[in-house]
1. Report the B-A buried area as the accessible area lost on both sides summed, probe 1.4 Å, in Å² to the nearest 100.
2. Obtain the nm distance between the two label points defined at residue A:161 and residue A:308 by a simple spin-label model: each point lies 7 Å from its Cα along the Cα-to-C-beta direction.
3. Could you tell me what percent of the accessible area of segment A:76-184 is made up of carbon and sulfur, with a 1.4 Å probe and every protein chain present?
4. Shape of segment A:184-250 from its Cα gyration tensor (a ≥ b ≥ c, root eigenvalues): rounded if a/c is under 1.5, otherwise prolate when a/b > b/c, or oblate?
5. Determine Rg/Rh for segment A:241-280; Rg is computed over alpha-carbon atoms and Rh is the Kirkwood hydrodynamic estimate from the same atoms.
6. Averaged over peptide B:56-65, how many Cβ atoms belonging to another chain are found within 10 Å of each residue's Cβ?
7. How would segment A:40-152 be classified by its alpha-carbon gyration tensor: rounded, prolate or oblate, with rounded meaning a/c under 1.5 and the a/b versus b/c comparison settling the rest?
8. Hey, can you list the residues from segment A:188-212 whose accessible area shrinks by 30 Å² or more with all protein chains present, relative to the chain by itself (probe 1.4 Å, no ligands or nucleic acids)?
Amino acid sequence: MNASGIPLREPAVSAAADDAEQVERALIDASTRVPVLMFYTSAMAWLIIGTLLAGFVSFKLHSPDLFSDISFLTWGRVRPAHMNVMVYGWASMAGMGTAIWLMARLCRTVLRYPLLLVAGAGFWNLGVLLGVGGILIGDSTGYQWLEFPHYAAIILFVAYTLVVSWAVLMFRFRRGEQIYITQWYLLGAFLWFPWLYAAGQLMLFVVPVQGVLQSAVGWWYANNLLFLWFGAIGLGTAYYMIPKVIGRPVYSYHLATIGFWTYALFSSWTGMQRLVDGPFPAWMVTASIAATILTIIPVATVGLNHHMTMQGYFPLLRYSPTLRFTVFGAISYTVFSVVGVLISLRSVARYVNFTQASIAYSHLGLYAFFTMVIFGSMYYIVPRLVGREWRYASLIKLHFWASVYGIGLMTLMLLAGGFLQGENMENPSLAFSETTETVLPYLRGRSLSGLLLTASHFIFAYHFGLMLLGLGRTSTVPTFLNPVEAEGSEAHL
Amino acid sequence: MKGLAPLFLGIFGTFAFSWVGLTMIPNWQIGHLDPQMEEDGTDVYPQPQSGMVKRGARVYAANGCIYCHSQQVRADYAGADIWKYFDEDLSDDIDKDAQNTLFIITDGYMDFEHTAGRLSQEHRYTSCSQIINTLKKQPDWNTKFQKDDYGLLPVGKKFPNLKVILLELNPRDDWSGEYTLMTDIWSKWFKEMDINSYSFVKDENIEEINERIEKLMQVKLISNSQPVSWTPVKDIDTVLAAAWARDTTHASFKKKDFTLQSKITDTSNIKEKLVTKKDPPVKHSIKRKDEMSFGPVF
């Protein structure tokens, strides 16, 4: 790969040019400060709310009598509330924050019309708030990830229009010929999301398709939201952060191209594998299973590209918080996809469809991959917005390990529990209640992992709060996880 | 990549491909299915939803019920419905003071070939397929069938005053012993339940079927196949009839049933039971009273 294609700081440039570029970067960062911090702060608030809801949901699975006589605290309402808070409140807002900053940097232009984005963030918050409130008072639509009642959905769409119109404006003012790989993914995400959201809303609520097709459209929406919205932002961010932190170009432009287009083509065709054995034309399910298997191509190319970029620089994981979170997320993307292929095969899906295993899969995608990459990007971006460095290396380490052990334990518990549950449900001599009872130990284990994640989120929120209040360190050197030894200090950490 | 045009085109193209492929084409293929009328225009399937059902659907959506409860009712039993009927329900349907006749419409295999996770015990299964597939590879299958005690899983109940007629047996023709072994299996199973009067009727022409039924039931069926005129049945239990009509949605099955029932003239004390292989467990026995004609009930 020719290094000139990558908008990275070259290792050897004249001091004057370097300074000029640093000033330009600082100007761009300053212009994005208000909207990006607004997205991040809102996202953090939703993350904490979503985490509390998640803990409640998890405990109720093995202690069902907890507050069971209060209608808005019943499991069937709190669970969609948790999912929608995490999907639209935390993940989407944090993802948009990161995407906005990346776009501004990569377009090499200061952010124009920041008020548009602030308004967008405000409307988005309002939409999520009304939506979650609607779910809790019993206005849910009953379609996974589209539970928000129509009045909230309209507000979200207006908010989104404000954000995307800004992204288009941004592109008009971009400088430089090259469009970096991250921009492809972000542009894709920005254009796919409104189409997807509008199509989902139209085909389910405005002009509803008939009968079983509604669940096909529902799964098509949910899966594409995971891949084309969150997945695209996550991969784009990883493509920026990894080369940026280690100060080295991406290994191969061609692998990046192949990875992007096969990702767009194949992952958008997945979703129907969730309907294995359902009353649908067989070709629909088979096409999605085939597409899921084919997603191994983008996984392999993206994984190889990241690995080869990192080759020789793995020791830097010891120091850089951003790199550590991002690389963990990138590896999880591979794990997520492989698990996705496994549970989509008919022979396996027969057992694990409708079990906890599919919850493990969603958490692998949304947390182990996407959320960890976004955490990494926040460790990189926030100091550049507030002009302070992260205060405590120990808190970052705690955040990282609590997240890693938390999500690792959760995935293991749900996968193992899911397979056991599936096998028991296939056994005609076991009553349904017995099949759920055998999963109980795993659900308790999951609650334990939830406690770890809760601790990790509170630590991060506290640390983020310190940064917002200007209580970070004043230093020209980023906060490293460990004291930097001589050989690592050269890199741009 | 240079230039925005290919990027935009690609982004739109890939997603449009998925949108058209996974939502628009399926919608064009199965999205226009309308409720169907019965031939005589009386019943509509599926039946229009009442206000209660719609209200229930709203409650179901609002409370997130879908995360645990499918809208499909999960059967509490997975396996051959015929076997389950003999095991659980038949004894309740037997009328002790009458001659009981049970008609079973089946291809003769009782359960699907793929029967993973089904009940079994030693060489006893709930599907003839498993037994036939094992034994047909062996030259001394007949001896082996007796010696190793192959057969259908016993239900452990006795039905001494029951006649059974298996209709529409349809053995595969790739092995010459298929029909013999199939009937051997059923016979063995019936004898274990003290059912000594039974008959097998292959899926053949209607004359032969009539003859076999006449012989077994010692009744006279109208042999010519001209349309039977019939008057609407009075005194019929409308709830039962509605349940019957709802459950037997397979059109060809109903037609056959119609032909047979309309031709049986001797109605005295006959209790009828039709069991199909793939339908849900049969609960809709229609009790005939003396004053009823033997006309179709739907």
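The values are calculated or read from the model by the stated rules, or taken from the named source; none is laboratory data. All of these numbers come straight from a predicted model, not from anything done at the bench. Counting neighbours? That spans all protein chains shown, and the Cβs are built from the backbone with ideal geometry, glycine included. SASA here: full protein model, heavy atoms, side chains in, ligands and nucleic acids out. Shrake-Rupley method; radii C 1.70, N 1.55, O 1.52, S 1.80 Å.
1. Numbers: alone 18780 and 20040 Å², together 34750 Å².
Summed over both sides, the interface buries about 4100 Å².
2. About 4.5 nm separates the two model spin labels.
3. On the way: 2360 of 3410 Å².
Here it works out to 69 percent.
4. Details: a/c = 6.10, a/b = 3.33, b/c = 1.83.
Prolate, because a/c is 1.5 or more and a/b exceeds b/c.
5. On the way: Rg = 16.9 Å, Rh = 13.0 Å.
Rounded to two decimals, Rg over Rh is 1.30.
6. Details: counts 0, 1, 4, 2, 2, 8, 13, 9, 15, 2.
Averaged over the peptide's residues, the number is 6.
7. Values: a/c = 3.30, a/b = 2.22, b/c = 1.49.
Note, shape of segment A:40-152 comes out prolate.
8. A:191, A:192, A:195, A:203, A:210
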